[in-house]
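Worksheet: the structure to be examined is printed underneath.
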Amino acid sequence: MIANYENHIAYHWGILNKETNQIIGRTGFVSLDEVHKRAEIGFALSYDFWSKGIITEATEVIIKYGFEELGLNRIEGRCNFDNLGSAQVMRKLGMTLEGTLREQLNIKGEFVDQLMFSILRREYNR
């Protein structure tokens, strides 16, 4: 993770439980494209902390960092078609559903669709 950060390939940040100071998840950019000024977000959170707004709060900061510090023009996010929680997070972050990537991933021998979301700098600045 450190090498990816230093080489501007991916940026990951841990999410700490404020009460215990333990890592309960992560958020960040799973890929960066400096030429085209775009990145893909990715996040994960321990099940015990779902539906509390934690991922939304943490990833809002990541999106701000991407646009304001990295100078990105586009931030993308994908989730499996049946991952309603992640889709809802991306909507709360102001991202737009662009469409379905059909049979995008092979998970345990089954091809699954993914939903593609994005937010553009001009939409973020509104």
Lysine pairs with alpha-carbon atoms under 25 Å apart, the range 2-124, spacing 8 or more or separate chains: 8
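Which whole-number percent gives the relative contact order of the chain, counting Cα pairs below 8 Å spaced six or more residues apart?
Relative CO of the chain lands at 18 percent.
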Looking only at the range 2-124, where both bridge partners belong to it, what percent of the DSSP beta bridges are antiparallel (to the nearest 5)? 90
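Could you estimate the translational diffusion coefficient of the range 2-124 from the Stokes-Einstein equation, with Rh from the Kirkwood formula over C-alpha pairs, at 20 °C and 1.002 mPa s, in whole µm²/s?
Details: Rh = 15.1 Å.
In µm²/s, the coefficient rounds to 142.
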Helical contribution to [θ] at 222 nm, DSSP H n ≥ 4, -39,500 (n - 2.57), averaged over the chain, rounded to 500: -7000 deg cm²/dmol
Quick calc: nm separation of the 7 Å Cα→Cβ label points for LYS64 and GLU34 -> 2.5
Just rank TRP13, TRP50, fewest to most, by other beta-carbon atoms within 10 angstrom. TRP50, TRP13
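Give me VAL89, VAL112, VAL61 sorted ascending by neighbouring Cβ count inside 10 Å, so fewest comes first. Write down the numbers at each step before the final one.
Values: VAL89 23, VAL112 16, VAL61 11.
Ascending number of Cβ neighbours within 10 Å: VAL61, VAL112, VAL89.
Taken together, the values in this text are just the output of simple stated rules run on the coordinates, not laboratory data. If you're wondering where the values come from, they're calculated on a predicted model, not measured in any experiment. Don't worry about glycine lacking a Cβ; one is built from the backbone with ideal geometry, like all the others, and counts go over all protein chains shown.
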